[in-house]
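Comments concern the structure below.
Computed from the coordinates by the stated procedures, all read-outs in this text should not be read as laboratory data. Every value quoted in this text rests on a predicted model; they were computed, and no experiment measured them. Here Cβ is always computed from backbone atoms with ideal geometry, including for glycine, and neighbour counts include all displayed protein chains.
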Amino acid sequence: MAYTNAKSEWVDGNLVFRDKDGNVIAFLNGAAGLQHGAAYTVRRRCTIAEVNAGVTLLPAIAGFKYRMVDASIIAVGGAAAAHTSIDILGTISTSRKLVAFLVAGTTQSTLLRAGAATNGVILADGASFTANDAGTAITVNKTGSDVTTATHVDISFTFTVEA
């Protein structure tokens with residue numbers, strides 16, 4: 001879609017484009033150009049040390065919300081063990097687990113997807129797929145003991161960005 005009457009402005013270091021009615025149509029977050037409402041996927045290979053400490057998957061952007069579309073995890077270098085779950089977290093007023101990947105499903109080289117039978121636990125009634133608060137990050141952390149055995153986990157997170 002081409003917009004001939006678009007305006008741009010800088011918002012917290014991000015270049016934001018708005019249509020003639022003021023609706024956000026696209027923005028540049030660093031080097032990444034994102035279109036409002038389009039689905040994007042970020043894939044990150046996180047070390048087990050990063051997961052145990054907590055790591056940012058998507059940074060907070062003032063005035064914009066992330067909405068999860070899908071997520072998956074693959075344990076690399078061995079089964080991810082000892083933890084209760086590896087979690088992808090968002091925020092609506094307080095932190096919430098968009099998906100909890102349970103230890104039984106984080107076996108080496110196995111793709112575990114959000115909503116999978118028993119080991120890719122999502123929030124009740126589709127709440128994992130609602131928009132998070134504006135200006136909040138998406139992070140990865142663990143519940144329970146530190147993750148052991150695996151060297152990394154590959155996290156794939158598909159999302160939209162909304163004003």
Task: Placed amide H near Thr84: partners under 5 Å, 5+ positions off or other chain - done: Thr143, Gly144, Ser145
- [ ] Considering only DSSP beta bridges where both residues belong to the chain, give the percentage that are antiparallel (nearest 5).
- [x] 100
TODO: Work out from phi, with θ = phi - 60° and the Karplus expression 6.51 cos²θ - 1.76 cosθ + 1.60, the ³J(HN,Hα) of each residue of segment 15-22, listed in order in whole Hz, and give x for Gly and Pro.
DONE: 7, 10, 10, 10, 7, 4, 8, x
Open item on the list: Suppose a student asked you for the relative contact order of segment 39-162, using Cα pairs under 8 Å spaced at least 6 residues apart; what percent would you report?
Closed with: 48
TODO: Please identify which residues in segment 56-96 have an amide N closer than 16 Å to a label point set 7 Å out from the Cα of Thr47, following the Cα→Cβ vector.
DONE: 56, 76-77
Open item on the list: Give me a comma-separated list of calculated 3J(HN,Hα) values for segment 155-163, in order, Karplus coefficients 6.51, -1.76, 1.60 applied at θ = phi - 60°, integers in Hz, x for any Gly or Pro.
Closed with: 9, 10, 10, 9, 8, 10, 10, 10, 7
Open item on the list: Report the Rg/Rh value for segment 34-146, based on alpha-carbon coordinates and the Kirkwood definition of Rh.
Closed with: 0.95
Open item on the list: Taking 41 Å as R0, compute the FRET efficiency from the Cβ-Cβ separation of Lys7 and Ala117 and round it to 0.05.
Closed with: 0.30
Task: Per-residue Cβ neighbour rank within 10 angstrom, fewest leading, Tyr66, Tyr40 - done: Tyr40, Tyr66
TODO: Taking H placed 1.01 Å from N in the peptide plane, check which residues at least 5 places from Leu123 or on another chain put their amide H under 5 Å from its amide H.
DONE: Ser128
- [ ] Treat each spin label as a single point 7 Å out from the Cα along the C-beta direction, and report the Ala38 to Ser145 distance in nm.
- [x] 4.5
